[in-house]
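Novice: Okay, handing you the structure first.
The values are calculated or read from the model by the stated rules, or taken from the named source; none is laboratory data. In this text, all values refer to a predicted model and were calculated from it rather than measured experimentally. All Cβ positions, glycine included, derive from the backbone under ideal geometry; neighbour counts span all protein chains shown. Accessible surface is based on the protein model in full, side chains and every heavy atom, while ligands, DNA and RNA are left aside. Shrake-Rupley method; radii C 1.70, N 1.55, O 1.52, S 1.80 Å.
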Amino acid sequence: MNKLFLVLAISLLFIQNCATPKTSTPGQSQSNNSLQSMQPSNKGPGANERELNARRYTAVRLEYAASKTYNPYASGVSEAIKKSDDLLQEEKFQETIEEAAKGLALDRLNIQLLMVQAASYRQLGEIEKANELRKKWMGLVDSVLASGDGKSFATAFHVISVDEEYALMTLLKLRLTQQSLVEHNGSQYDLMDVLSSETGNESRLYFNIDIPKGWLDKNIHRLK
């Protein structure tokens, strides 16, 4: 088992233990069950803290999306994600941290980069830094989860970047099979058809992308 998967598995277990236990209903998608177990709840140990943290990070995300430094399509972020992940698999933890920092300089709230940094610091024994980063990326994830349930247009997750979509799918152990850009009632959505890597079940996640798409429409000239 590679180290990134191990760290993510431990973190996912931590999130699930903080949430209210839920029972499955016959025929319900496994990915929906996993999603429900990750949702911030108003019950259970640590629930109030998670709920408050989700609200705080929703404000942080929206403030960032309204700032001049916000660029959800910044060149170099995807490359930093790939390189830092490769370095982590090679157990080059200090280099992973440095590579992730390059991407975070372009997108300071990138969940995937914060996760690999946290994993690397933990492997280096710098637990305080690792926990601080874990609290940050978990707050960002909870903020996305608190925005909806991802099951329909009306209850879609609201994201400020496509990377948030992929971070959530990674945590849910879902593999993307098809992506569609759809307009519905004046809003833009990414429809993600996914396959559970655990059960093989298929499902669809809805993401409202009005914020990043709105930025793109206004700043398309900057990307040419």
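Novice: Suppose each label sits 7 Å from its Cα in the direction of the beta carbon; what would the residue 69-residue 151 distance come out to in nanometres?
Specialist: With each label placed 7 Å out from Cα toward Cβ, I get 3.8 nm.
Novice: So with the 1.4 Å probe, I'd like the accessible area per residue for the stretch 142-224, rounded to whole Å². The partial results should precede the final answer.
Specialist: Details: 3980 Å² over 83 residues.
The answer is 48 Å² per residue.
Novice: Moving on. When all protein chains stay in place, what accessible area (Å², nearest 10, 1.4 Å probe) is found for residue 177?
Specialist: Its accessible surface works out to 80 Å², give or take rounding.
Novice: Continuing with this model, one more query. Report the accessible area of residue 122, computed with a 1.4 Å probe over the heavy atoms of all protein chains in place, in Å² rounded to the nearest 10.
Specialist: Residue 122 has an accessible surface of roughly 80 Å² with all protein chains in place.
Novice: Add +1 for every Lys or Arg and -1 for every Asp or Glu among the other residues with Cβ under 15 Å from the Cβ of residue 186, and state the total. Can you show the working numbers first?
Specialist: Numbers: positive: 213; negative: 183, 210, 217.
Around residue 186, the surrounding residues sum to -2.
Novice: Using only Cα atoms, locate the centre of the stretch 195-215 and the centre of the stretch 121-158, then give the distance between them in Å, rounded to an integer.
Specialist: A separation of 16 Å, based on Cα centres.
Novice: If you filter the stretch 162-224 for GluC sites (Glu not before Pro), then keep DSSP loop positions with at most 15 other Cβ within 10 Å, what is left? Mind dumping the intermediate values first?
Specialist: Values: sites: 164, 165, 183, 198, 202; in loops: 198.
Those that pass, being in a loop and sparsely packed, are 198.
Novice: Work out how much length residue 185 to residue 128 would gain on full extension: take 0.36 nm times their residue separation and subtract the Cα-Cα distance, in nm to one decimal. Before the final figure, lay out each step's value.
Specialist: Details: separation 57, 0.36 × 57 = 20.52 nm, distance 4.56 nm.
Taking 0.36 nm per residue and subtracting the Cα distance, the gain is 16.0 nm.
Novice: I want to check the label-to-label distance for residue 216 and residue 177. Put each point 7 Å from Cα in the C-beta direction and report it in nm to one decimal.
Specialist: My value for the distance between the label points is 2.4 nm.
Novice: Name the trypsin sites (Lys or Arg not before Pro) in the stretch 76-107 that are in a loop by DSSP and that have at most 15 other C-beta atoms within 10 Å, would you? All intermediate terms of the calculation are to be shown ahead of the outcome.
Specialist: Details: sites: 82, 83, 92, 102; in loops: 92.
Hits after loop and neighbour filter: 92.
Novice: Set the bar at 29 Å for Cα to Cα. Now go through 129/213; 82/129; 68/173; 82/173; 82/135; 102/213 and name every pair that lies beyond it. Mind dumping the intermediate values first?
Specialist: Values: 129/213 33 Å; 82/129 22 Å; 68/173 33 Å; 82/173 18 Å; 82/135 23 Å; 102/213 24 Å.
The answer is 129/213; 68/173.
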